[in-house]
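A.B. asks: Please see the structure below; I have some questions.
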Amino acid sequence: MSGINYTDKIPNNVNLAGDRTLQRALEHWQPNYLQWWQDMGPDGSHGFDVYLRTAVSVQPDGWAHFDHVKMPDYRWGIFLAPQDGQRKIHFGENMGRDAWQDVPGEHRANLRRIIVTQGDTEPASIEQQRHLGLTAPSQYDLRNLFQINVEEGRHLWAMVYLLHRYFGRDGREEADALLQRSSGDADNPRILGAFNEKTPDWLAFYMFTYFTDRDGKFQLCALAESGFDPLARTTKFMLTEEAHHMFVGESG
Ligand SMILES: [Fe+2]
Ligand SMILES: [Fe+2]
């Protein structure tokens with residue numbers, strides 16, 4: 001399993017155990033996430049074993065593990081693609097300089113906004129799709145839906161890790177707010193319009209995975225080029241999971 005310890009509360013390849021403050025903050029966020037999953041995640045799905053893919057490493061030859069798991073027991077982990085010490089910024093005023101390993105002060109607000117906006121779409125899509133399990137055309141479709149849902153949940157974790165690790169107190173507040181907004185809510189909606197629309201049926205879901213996830217892929221491809229290296233490495237690995245989401249749209 002490439003050094004990922006699944007007995008950890010939060011499986012990770014970012015040496016969480018080496019940063020107790022960060023670990024504690026994330027372990028504090030975790031029960032709130034699980035409560036959100038309980039309240040807003042896939043409707044009526046809690047008691048059943050589902051055959052699911054779980055990310056266990058970032059190695060191309062063995063990054064996933066398949067097994068039956070009850071979805072609330074899914075191990076949402078934090079995985080970044082390995083650091084390439086030579087990575088440079090490829091564009092803009094800072095082109096040619098070393099990629100940033102920490103958030104540069106002058107770009108802090110914009111980077112936080114980008115990460116929050118990306119992070120907000122992940123739980124939003126789970127909320128949009130939460131009733132679809134009740135009308136799945138087949139067990140195959142149901143499994144694909146749940147696979148996508150747990151992975152969007154992991155993408156939320158990916159963004160929350162960045163907020164906690166690199167943005168201090170306001171990052172932690174933003175991470176909390178990601179569990180407070182909700183799709184279509186009149187008072188506290190998700191950030192982007194598309195994520196407040198209803199996904200009332202499976203045709204809408206296939207359209208979502210065909211078009212919206214494709215848009216998401218281009219968005220992630222752009223973030224994977226970010227001059228802020230931890231964001232680039234996080235999104236690079238998210239793209240590995242995203243391929244299956246578009247496959248569901250295409251084949252559906
Ligand atoms: Fe995602
Ligand atoms: Fe996706």
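A.B. asks: I need every pair where a residue in the stretch 205-221 that is of a type in the set (Phe, Trp, Tyr) has its Cβ under 7 Å from the Cβ of a residue that is open to solvent by 70 Å² or more (accessible area, probe 1.4 Å) and assigned to a helix (DSSP H, G or I), sequence separation at least 6 or different chains.
C.D. replies: Within 7 Å, the pairs are 210/250.
A.B. asks: Is it true that residue 201 is open to solvent by 50 Å² or more (accessible area, probe 1.4 Å), within 12 Å of ligand 2 (Cβ to nearest atom) and of a type in the set (D, E, K, R)?
C.D. replies: Spelling it out, it is not the case that residue 201 is open to solvent by 50 Å² or more (accessible area, probe 1.4 Å), within 12 Å of ligand 2 (Cβ to nearest atom) and of a type in the set (D, E, K, R).
A.B. asks: Cβ-Cβ below 8 Å, separation at least six or inter-chain, first residue in the stretch 227-247 and of a type outside the set (A, V, I, L, M, F, W, C) and open to solvent by 20 Å² or more (accessible area, probe 1.4 Å), second within 14 Å of ligand 1 (Cβ to nearest atom) and assigned to a helix (DSSP H, G or I): which pairs?
C.D. replies: Short answer, once both residue conditions are applied: 244/147; 244/148; 244/151.
A.B. asks: Considering only the stretch 71-110, how many residues are β-branched (Val, Ile, Thr) and in a strand (DSSP E or B)?
C.D. replies: Of the residues in that region, 1 qualify.
A.B. asks: What's the total number of residues in the stretch 34-62 that are in a strand (DSSP E or B) and charged (D, E, K, R)?
C.D. replies: Qualifying residue count for the region: 2.
A.B. asks: Right, residue 125: surrounded by 24 or more Cβ atoms within 10 Å (Cβ to Cβ) and of a type outside the set (Val, Ile, Thr) or not?
C.D. replies: So residue 125 passes the test.
A.B. asks: Is it fair to say residue 113 is more than 16 Å from ligand 1 (Cβ to nearest atom), under 21 Å from the mean Cα position of the chain (by Cα) and open to solvent by 70 Å² or more (accessible area, probe 1.4 Å)?
C.D. replies: It is true that residue 113 is more than 16 Å from ligand 1 (Cβ to nearest atom), under 21 Å from the mean Cα position of the chain (by Cα) and open to solvent by 70 Å² or more (accessible area, probe 1.4 Å).
A.B. asks: From 119, 77, which residue is under 21 Å from residue 40 (Cβ atoms), in contact with a strand residue (DSSP E or B) (Cβ under 6 Å, 6 or more places away or on another chain) and open to solvent by less than 50 Å² (accessible area, probe 1.4 Å)?
C.D. replies: Being under 21 Å from residue 40 (Cβ atoms), in contact with a strand residue (DSSP E or B) (Cβ under 6 Å, 6 or more places away or on another chain) and open to solvent by less than 50 Å² (accessible area, probe 1.4 Å) holds for just one of 119, 77, which is 77.
A.B. asks: Let me ask something additional. If I filter the stretch 121-167 down to residues being acidic (Asp, Glu) and more than 10 Å from ligand 1 (Cβ to nearest atom), which single residue comes out as modelled with the highest pLDDT?
C.D. replies: 127
A.B. asks: Return the residues of the stretch 153-178 that are within 16 Å of ligand 2 (Cβ to nearest atom) and either free of Cβ contacts under 8 Å to residues at least 40 places away in the same chain or basic (Lys, Arg) (or both); say none if nothing qualifies.
C.D. replies: The answer is 154, and nothing else.
A.B. asks: Restricting the search to the stretch 171-180, which residues are open to solvent by less than 40 Å² (accessible area, probe 1.4 Å) and over 17 Å from residue 230 (Cβ atoms)?
C.D. replies: Answer for the stretch 171-180, where residues must be open to solvent by less than 40 Å² (accessible area, probe 1.4 Å) and over 17 Å from residue 230 (Cβ atoms): 177, 178, 179.
A.B. asks: Any idea which residue in the stretch 71-130 is nearest to ligand 2 (Cβ to nearest atom), counting only those that are of a type in the set (D, E, K, R) and within 23 Å of residue 30 (Cβ to Cβ)?
C.D. replies: 122
A.B. asks: Determine whether residue 108 is over 30 Å from residue 135 (Cα atoms) and open to solvent by 60 Å² or more (accessible area, probe 1.4 Å).
C.D. replies: yes
A.B. asks: Can you tell me which condition residue 69 does not meet? The list is (1) open to solvent by 70 Å² or more (accessible area, probe 1.4 Å); (2) in contact with a Leu (Cβ under 6 Å, 6 or more places away or on another chain), and all the others hold.
C.D. replies: Among (1) open to solvent by 70 Å² or more (accessible area, probe 1.4 Å); (2) in contact with a Leu (Cβ under 6 Å, 6 or more places away or on another chain), residue 69 violates only (1).
The values are calculated or read from the model by the stated rules, or taken from the named source; none is laboratory data. Please read all numbers here as calculations on a predicted model, not as lab measurements. All Cβ positions, even for glycine, are placed from backbone atoms using ideal geometry, and neighbour counts span all protein chains on display. The accessibility values were calculated without ligands, DNA or RNA, using every heavy atom of the protein model including side chains. Shrake-Rupley method; radii C 1.70, N 1.55, O 1.52, S 1.80 Å.
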